[in-house]
Amino acid sequence: MRRTSKRKHIYLIGFSGSGKSTVGKRLAVRRECRFVDTDKEIADRFDATVSSIFAEFGEPRFRCEETAVLNRVAGLASPVVVAVGGGGFERAANRRMMRESGIVVYLKCSIRELYRRLRDIDDRPLIRAGESRLAAMKRMLAQRRPRYEEADITVSVTSGTLQTVVDRITKRLTEYERKNRS
Ligand code: S3P
């Protein structure tokens, strides 16, 4: 794999339900590049769902696979837009890879709206069992927020259509790329 200019990829980070995959697909079309979803890469590799990988192999194994996917993506020669699973920005090594190879965009969404989007969905292994779902989501978001906020760009996605969210991100990326051009 050849490394060309540094920081060419776009990494979308944020909590489950913030729209990383939906927004990422549309953003990749807009930027005329490939789209990669870390969860989908891992699921395809195991030919299983994320929930069943958690159940069968445990979270530590999933996290290793996640790091391996990010490592492969970081080394790609052509730019890609990447939807990073909600816990993918937790490991310091992952954060370093993303920062060195791309621009990190945090899709920030209110807990109320995240809960509205996720309350009836049952395929997120970390936010379904035990305590109430809302309490679990609040706790996880509070733990992760400081890292999410280390992103290069934060874009609010609590409201707006897909089109307006992609427009917002594109505008902020253009400004960021202009400012940081070497
Ligand atoms: C996770 C989020 C999920 C998936 C896995 C773990 C997390 O991705 O990677 O269930 O730790 O928050 P999404 O953010 O796409 O839901």
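Bear in mind these aren't lab numbers, they're just calculated from the coordinates by the rules spelled out. None of the values given here were measured: they were computed from a predicted structure.
Points to keep in mind about this one:
- In terms of distances greater than 27 angstrom between alpha carbons, the cross-link table entries LYS138/LYS179; LYS20/LYS171; LYS6/LYS108; LYS40/LYS179 yield LYS138/LYS179; LYS40/LYS179.
- A viscosity of 0.890 mPa s and a temperature of 25 °C, combined with the Kirkwood radius over C-alpha pairs in the Stokes-Einstein formula, give the stretch 83-182 a diffusion coefficient of 162 µm²/s.
- Taking the longest Cα principal axis of the chain as reference, the axis of helix 59-74 is set at about 10 degrees.
- All-pairs Cα distance distribution in the stretch 9-175, expressed in whole percent, bin size 5 Å: 1, 9, 18, 22, 22, 17, 8, 2, 0
- When the square roots of the Cα gyration tensor eigenvalues are ordered a ≥ b ≥ c, the ratio a/c for the stretch 138-182 is 1.5 or more and a/b does not exceed b/c, which makes its shape oblate.
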